[in-house]
Amino acid sequence: MTGGTAVLNVDGRDIEVAIRRSARARRIAIRVDQAIGGAELVLPPRASKRDGIAFLKERADWLVDRLGALPAFVPFGDGVVLPYRGVDHLISHEPSARRGVWSEAGRICVSGQADYLARRLHDWLRRDARAAVSPLVVEKAARLGRRAGRISIRNQKSRWGSCSSTGNLSFNWRLVLAPPEVLDYVVAHEVGHLAQPNHSPAFWTVVDRLSEYTDFGRAWLRENGADLFRYG
């Protein structure tokens, strides 16, 4: 359950911290990483918001240090290096090309006016993610004798994918920035929930049947996944 935000003033600097109440949390905690876009205060069921803010104030110096260590946000723009399918590509603005967006020879080229570059590239990456994800979903679901529901490509802040109780699947567009093996694993993970709605040993057996990249995908996301949230 979301609990709003808190603003912590440290040495004249206002730091906004999201507040989330978690039924699984056993103690008050602060999460800081790129995936959530900064800091998050996690409250267990019986902790008050006042106690949480007091905890924040006690850890203010630590929080500032951790936020300062986060990699800088990387907006889309001409000359920016962007990982695409696990390989670094240079974003190249081609104003007179009139070809939309395309990739070639280690570049992602974007035509049109500079003001629209970021939006056009973002839209292209989402379409590309859908084109990569959709056939994998269909193929892997068929192997389970299941049929997936609606497939959505979203801009989640901390999740790579999800499967609803009705079989609808959602995936983060940033998966197209990762190596194809990682995307394959995440699709297998979410499709696996069509057969096993938990994370039991039986579920992981299903995932291993659907993808040969389970170990690689999990390790890669654990090591590199947060970095992908810097882009866009």
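Annotations for the structure displayed:
- More than 27 angstrom apart: percent of Cα pairs within the range 81-228: 26 percent
- A Förster distance of 22 Å, applied to the separation of the beta-carbon atoms of A226 and N155, puts the FRET efficiency at 0.90.
- Dipole magnitude of the range 1-131, debye to nearest 20 (Cβ charges: Lys/Arg +1, Asp/Glu -1, about Cα centre): 800 debye
- Antiparallel content of DSSP bridges confined to the range 16-55, in %, to 5: 50 percent
- Low-density loop positions, GluC sites (Glu not before Pro), the range 139-227 - DSSP coil, at most 14 other Cβ in 10 Å: E212
- Loop trypsin sites (Lys or Arg not before Pro), the range 1-82 (other Cβ atoms within 10 Å of the site Cβ: 11 or fewer; DSSP): R24, R26, R27, R46
- Of all DSSP beta bridges in the range 4-96, antiparallel share, percent nearest 5: 75 percent
- Pairwise Cα inverse-distance average, inverted: Kirkwood Rh of the range 2-69 (Å): 12.0 Å
- Dipole orientation for the chain: of the candidates S158, A54, Q196, Q196 has the Cα lying most toward the positive pole (charges on Cβ; Lys, Arg +1; Asp, Glu -1).
- For the chain, share of DSSP beta bridges that run antiparallel, in % to the nearest 5: 60 percent
- Cα centroid of the range 63-90 to Cα centroid of the range 200-232, whole Å: 21 Å
- For the range 48-57, backbone phi angles converted through the Karplus equation (6.51, -1.76, 1.60; θ = phi - 60°) give residue-by-residue couplings of 8, 4, 4, 4, x, 5, 4, 5, 4, 5 Hz, Gly and Pro being listed as x.
- For G149, the amide hydrogen comes within under 5 Å of the amide hydrogens of N168, L169, counting only partners 5 or more places away or on other chains and with H modelled in the peptide plane.
- Dipole in debye (nearest 20) - the range 2-69, about Cα centre, beta carbon charges: Lys, Arg +1; Asp, Glu -1: 520 debye
- Charge dipole magnitude, Cβ of K and R +1, D and E -1 - the chain, Cα centre, debye nearest 20: 1020 debye
Since every read-out is calculated from the coordinates, none of them should be taken as a lab result. All figures in this text were calculated on a predicted structure; none of them were measured in a lab. All Cβ positions, glycine included, derive from the backbone under ideal geometry; neighbour counts span all protein chains shown.
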